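What follows is a short report on a single structure.
Rule-based calculations on the coordinates, nothing more; no lab input. Bear in mind the structure is a predicted one, so any value in this text is a computation, not a measurement.
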Amino acid sequence: MAKSGTKKVKKPHWNDLVVRAAFASIIVQRRRKLKLKQWQVAERSGYSEKYIGMLERRKHTPSLTAAIMISGGLEFDEPGALANEVRAMMPRFKRFEAKDHEAADI
């Protein structure tokens, strides 16, 4: 039983980690292609530079709203274009993340 005042941290499912990795990879690649800094993506999308950095470092999974807003900030023609790129990138990470997940018991 958790001590009073402590909060049990929910570990992310390994599939969530794969989405994080693929999303991070795509937004970093796109940002660099457009020669943008994190603060510029943040300004364009309406999120903080800290949040963009967390996404790029795989520390957070974006909400649907955040993904849509960030896709606009990265000049994707439509939000679905970002989702399609993330989906296409996922198999690259799936086998590694699953192995890491089992080893780290995340």
Quote to one decimal, in nm, the extra length available between ASN84 and GLN40 on full extension: 0.36 nm per residue of separation minus the C-alpha distance between them.
-> 13.5 nm
Whole-Hz Karplus ³J(HN,Hα) for the stretch 45-54, in order, using 6.51 cos²θ - 1.76 cosθ + 1.60 and θ = phi - 60°, x for Gly and Pro?
-> 9, x, 10, 7, 4, 4, 5, 4, x, 4
Taking every pair of alpha-carbon atoms in the stretch 14-104, what share in percent sits in each 5 Å bin, from 0 to the bin with the longest distance?
-> 3, 15, 26, 27, 15, 8, 5, 1
